[in-house]
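The structure under discussion appears below in the form of structure tokens.
The values are calculated or read from the model by the stated rules, or taken from the named source; none is laboratory data. Being a predicted model, the structure only gives us computed values, none of them experimental. Ideal geometry is used to build each Cβ from the backbone, glycine not excepted, and the neighbour counts take in all protein chains shown.
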Amino acid sequence: MGLTNSTNFYFEIVQNFTKNGEEVVVETNIADIVKYSDPEDEGGDDLAILKVRDKFTLTTNSVVFDISKKLPKVGSLLYSVGAPLKSNDSFSTGVVSFVGRIINDLVFDQTTCVVYEGSSGQGVFTTDGKCIGIATLMMAPSLNCIVPVRRMQKWAKQEKVEWALDPSISIPSETELKNIKMEDSIKHDFFN
């Protein structure tokens, strides 16, 4: 991860490929931050939209977010893939264990999917493959919080970036993306 100046932030992204169960290629791609909500700010949502600069070797479909605004049912089976404790491509299952938990005036849903150090930012999916949230907070083993898509939608609408979640809205052109302004200031260097 890196910081080039006070207004130009980027992430390094590593994608691992496997063949017959063995890692064969690792690529590093740089992603620019298009929009960011600092979790340390008052009411900060801990969300970011990234734009990958380089193309990955393999192409895949984008994540399909559940934008229906339906609340997930407690007990519903969930899947998650992340990098807990720096272990890439770690798959876990769990269930929705609570909907609408309020922590520091922010809404979270709770899951039993594994969320350890390094797992923040991993998607949490229903059995039909729709993302219902992003892992962000481990309170205790099997007591983990996700930022629900309905909260992400509220933030996206406020920031005028609904296209990041809703495939019916066109993605801005390269020129339009460059004109999207990050917040005027970020209070701390969150990359170190």
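Worth a mention:
- Unique match (being touching a helix residue (DSSP H, G or I) at 6+ places or on another chain (Cβ under 8 Å) and without any contact (Cβ under 8 Å) to a residue 24 or more places away in the chain) among I169, I134, I102: I169
- Residues of the range 31-52 that turn out to be modelled with pLDDT of 70 or more and out of contact with any Gly (no Cβ under 8 Å at 6 or more places or on another chain), as a count: 14
- When residues of the range 78-95 are limited to those that are more than 16 Å from the chain's Cα centre (by Cα) and not in a strand (DSSP E or B), the one surrounded by the fewest Cβ atoms within 10 Å (Cβ to Cβ): K86
- Single match in S80, S142 (criterion: in contact with a Phe, Trp or Tyr (Cβ under 8 Å, 6 or more places away or on another chain) and farther than 22 Å from D32 by Cα): S80
- Index of the failed condition, F98 passing every other in (1) surrounded by fewer than 15 Cβ atoms within 10 Å (Cβ to Cβ); (2) closer than 27 Å to G21 by Cβ; (3) modelled with pLDDT of 90 or more: (2)
- In the range 144-171, the qualifying residues are those that are crowded, with 17+ Cβ neighbours inside 10 Å and either assigned to a loop (DSSP other than H, G, I, E, B) or among the aromatic types (F, W, Y) (or both), and the one that is farthest from the chain's Cα centre (by Cα) is V161.
- Number of positions in the range 102-120 that are surrounded by 15 or more Cβ atoms within 10 Å (Cβ to Cβ) and over 16 Å from the mean Cα position of the chain (by Cα): 2
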